[in-house]
């Protein structure tokens, strides 16, 4: 029986050799991921994995049992910290290659909390994880105007799928 | 022009096989697919919802959940499963900014594209 209180550190994990064998160019292990303190620039506001959900798919975020299928799809619930972001017409660029997430492609992003605004994720033409944009709309369904500050200090929670 | 529903090409290979089963190598028959619903230029709203026929997606026979992810209509929508969750006759209701259902014959849904995750068998 699954113990819901089981510490994350006890969850089964893959060794680097497992990853290399099963998935080829597997994303960089999380322990090697750069932190924000390092001088790496990303597009848009910072995005972090929601700590509550960090263990649901294992530390590699794979959705399904990788031992039995060739499926490489990954999913994660993450938080976009808008901070002082002002709205740009066409959408706020969101970069899911950053931090602990390190997705290469994101084809689906659903806002599930943190704002009352309507939203629509616009994937990049090639689903590149650092090229998508998140559009926001007011209660009448009109896109926020350029320079709107309605997003500021919001922590927008999203469910993303990609690989 | 009719409302069309298509399996999203980006996701066709992700399930590992064409069955779209969520749990391969198990007795579970549940399936999942990412689909794009496109409302035609000439389509108008019907009171109580427009009918969505998901049987055209790899022969789904039941759909119990439609998770709207990218809503090109922007304002609220709601999936109403059919009796017995029949995949051919579920409906999607559309609402205006006040929360009221669109009126019969409304053209507000025209040319809208909605991406959903459906679950069923």
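The values are calculated or read from the model by the stated rules, or taken from the named source; none is laboratory data. Note that the structure is predicted; figures quoted are calculated from it, not measured. Don't worry about glycine lacking a Cβ; one is built from the backbone with ideal geometry, like all the others, and counts go over all protein chains shown.
Scanning the range B:78-98 for residues that are within 14 Å of another protein chain (Cβ to nearest Cβ) and crowded, with 20+ Cβ neighbours inside 10 Å gives a single hit, B:94. Residues in the range A:118-133 that are under 13 Å from residue A:90 (Cβ atoms) and either within 11 Å of chain B (Cβ to nearest Cβ) or surrounded by 19 or more Cβ atoms within 10 Å (Cβ to Cβ) (or both): A:120, A:121, A:122, A:131, A:132. If the condition is being loosely packed, with under 15 Cβ neighbours inside 10 Å and facing chain B (nearest Cβ under 10 Å), then the range A:142-163 contributes only A:142. Applying the selection to the range B:38-71, what residues are at positive phi and surrounded by fewer than 16 Cβ atoms within 10 Å (Cβ to Cβ)? Hits for the range B:38-71 are B:48, B:58, B:59.
Take the conditions in contact with a strand residue (DSSP E or B) (Cβ under 6 Å, 6 or more places away or on another chain) and in contact (Cβ under 8 Å) with a residue 40 or more places away in the chain and apply them to residue A:154. Does it pass?
On the way: in contact with a strand residue (DSSP E or B) (Cβ under 6 Å, 6 or more places away or on another chain): no; in contact (Cβ under 8 Å) with a residue 40 or more places away in the chain: yes.
No, not satisfied.
Give the residue, chosen from B:88, B:83, B:100, that is closer than 20 Å to residue B:30 by Cα, more than 15 Å from the chain's Cα centre (by Cα) and free of Cβ contacts under 8 Å to residues at least 60 places away in the same chain.
Values: B:88 fails: more than 15 Å from the chain's Cα centre (by Cα); B:100 fails: closer than 20 Å to residue B:30 by Cα.
Checking each option against the conditions leaves just B:83.
Quick one: which strands (runs of 3 or more DSSP E) sit completely within the range B:3-65 and have at least 3 residues that are away from every other protein chain (no Cβ under 14 Å), touching a strand residue (DSSP E or B) at 6+ places or on another chain (Cβ under 9 Å) and at pLDDT 75 or above?
On the way: elements: B:4-7, B:31-38, B:50-52.
Output list reads B:4-7, B:50-52.
Name the residues in the range A:132-163 that are part of a loop (DSSP other than H, G, I, E, B) and under 20 Å from residue A:77 (Cα atoms), would you?
Here is the first cut: in the range A:132-163, the ones part of a loop (DSSP other than H, G, I, E, B) are A:138-142, A:144-154, A:163.
Selection gives A:151, A:153, A:154, A:163.
Regarding residue A:90, is this residue modelled with pLDDT of 90 or more, within 14 Å of another protein chain (Cβ to nearest Cβ) and closer than 26 Å to residue A:145 by Cβ? No; evaluated as a whole, the condition is false for this residue. Of the numbered criteria (1) out of contact with any helix residue (DSSP H, G or I) (no Cβ under 7 Å at 6 or more places or on another chain); (2) without any contact (Cβ under 8 Å) to a residue 60 or more places away in the chain, the one residue B:109 fails is (2).
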